[in-house]
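**Student:** There's a structure below that I have some questions on.
The values are calculated or read from the model by the stated rules, or taken from the named source; none is laboratory data. None of these values were measured; they are calculated from a predicted model. Ideal geometry is used to build each Cβ from the backbone, glycine not excepted, and the neighbour counts take in all protein chains shown. Surface accessibility is based on the protein's heavy atoms, side chains included, excluding ligands, DNA and RNA. Shrake-Rupley method; radii C 1.70, N 1.55, O 1.52, S 1.80 Å.
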Amino acid sequence: MKKVLVHGSGHGAASWDETVKYMRTGDDICCPDLSAVLNEREAVYSNLYAAFAEYCNRIDGQIDLCGISLGGILALDYAINFPEKVRSLVLIGTPHKVPKGMFAIQNIIFRFLPESVFVDMAFNKRDTFVLGNSLKNLDFSNSVQHMNCPVLIICGEKDRANMKSAHYLAEHIKGAKEEIIENAGHVVNEEKPQMLARILDEFWGHNLEGNSSAMQN
């Protein structure tokens, strides 16, 4: 089963390296680079999502999806639209409804930051700004209530901006489990890679494969 780990806008695909290193099996894991997936299309969310959906649809069979922040938004959106393709979903620091006020403040700050700050981010300064503006009307509040695949919600204890959404998703997605990682902020995959690897291994290995075996018996 292919596992797709999706990074956020502030970090690239390499942000998963440490987590993958600690996971029990890495052969079936892929970490797409969202900038490469976008493939020079205009950096608006509709284009990014369409490109991401195309990427996932090219993978044979079902997939296990895990996304953080923007990656979580893409993973959630895809799981809602392609339920037959997604075996399981893990959302890390993912908003169920994009907070317009926070994004407005963030974009103001971005305007005054030099280009050099964006070198290690997923997109350059202009694309980050454009993408942020195109996200502000996203709202999955109602859609998540119709999901049926196994879902794990993860949030860093110090990630106050996304804690409310973590609780909302855990409460409104049928059967969803919630995991709060102590002494971690928003970028859990870089702050607590070993712990995150253990949580993912347990969720994907024990819970899902155990359930599959039980169903076969």
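**Student:** Search segment 45-58 for residues that are open to solvent by less than 50 Å² (accessible area, probe 1.4 Å) and pair each with any residue that is at pLDDT 95 or above and of a type in the set (S, T, Y) when their beta-carbon atoms are under 7 Å apart and the residues are at least 6 apart or on different chains.
**Tutor:** So the pair list comes out as F52/Y78; A53/Y78; C56/Y78.
**Student:** Any idea which residue in segment 49-97 is nearest to the chain's Cα centre (by Cα), counting only those that are among the charged types (D, E, K, R) and within 22 Å of I173 (Cα to Cα)?
**Tutor:** So in segment 49-97, the residues among the charged types (D, E, K, R) come out as 54, 58, 60, 64, 77, 84-85, 87, 97.
Imposing the further condition that a residue be within 22 Å of I173 (Cα to Cα) reduces the set to 64, 77, 84-85, 87, 97.
On the way: D64: 11, D77: 10, E84: 19, K85: 16, R87: 15, K97: 14 Å.
The extreme case among them is D77.
**Student:** Only one of these conditions is not met by G132: (1) surrounded by 15 or more Cβ atoms within 10 Å (Cβ to Cβ); (2) assigned to a helix (DSSP H, G or I); (3) in contact with a His (Cβ under 9 Å, 6 or more places away or on another chain). Which number is it?
**Tutor:** (3)
**Student:** Please pick out the residue among T19, T25 that is of a type in the set (S, T, Y), within 19 Å of D201 (Cβ to Cβ) and open to solvent by 10 Å² or more (accessible area, probe 1.4 Å).
**Tutor:** Details: T19 fails: open to solvent by 10 Å² or more (accessible area, probe 1.4 Å).
Being of a type in the set (S, T, Y), within 19 Å of D201 (Cβ to Cβ) and open to solvent by 10 Å² or more (accessible area, probe 1.4 Å) holds for just one of T19, T25, which is T25.
**Student:** Which ones in segment 23-39 are farther than 17 Å from G67 by Cα and at pLDDT below 90? Please lay out each step first, then the result.
**Tutor:** Within segment 23-39, the first condition is being farther than 17 Å from G67 by Cα, and the residues that meet it are 24-25, 27, 39.
If the condition is that a residue be farther than 17 Å from G67 by Cα and at pLDDT below 90, then R24, T25, D27 are the ones that fit.
**Student:** Go through the residues of segment 78-99 one by one and say whether even a single one is in a helix (DSSP H, G or I), modelled with pLDDT under 95 and open to solvent by less than 30 Å² (accessible area, probe 1.4 Å). So that I can check it myself, show each step before the final result.
**Tutor:** Residues of segment 78-99 in a helix (DSSP H, G or I): 78-81.
Subset that is modelled with pLDDT under 95: none.
No: zero hits.
**Student:** Taking only segment 1-16 into account, find how many residues are open to solvent by less than 80 Å² (accessible area, probe 1.4 Å) and in a loop (DSSP other than H, G, I, E, B). Steps first, answer last, please.
**Tutor:** Taking segment 1-16 as the starting set, the residues that turn out to be open to solvent by less than 80 Å² (accessible area, probe 1.4 Å) are 2-16.
From what's left, in a loop (DSSP other than H, G, I, E, B): 7-12.
Total satisfying the criteria: 6.
**Student:** Please go through segment 28-44 and give me each residue that is closer than 29 Å to D201 by Cβ and either part of a loop (DSSP other than H, G, I, E, B) or open to solvent by less than 40 Å² (accessible area, probe 1.4 Å) (or both), ordered by number.
**Tutor:** First, the residues of segment 28-44 that are closer than 29 Å to D201 by Cβ: 28-37.
Those that are closer than 29 Å to D201 by Cβ and either part of a loop (DSSP other than H, G, I, E, B) or open to solvent by less than 40 Å² (accessible area, probe 1.4 Å) (or both): D28, I29, C30, C31, P32, D33, L34, V37.
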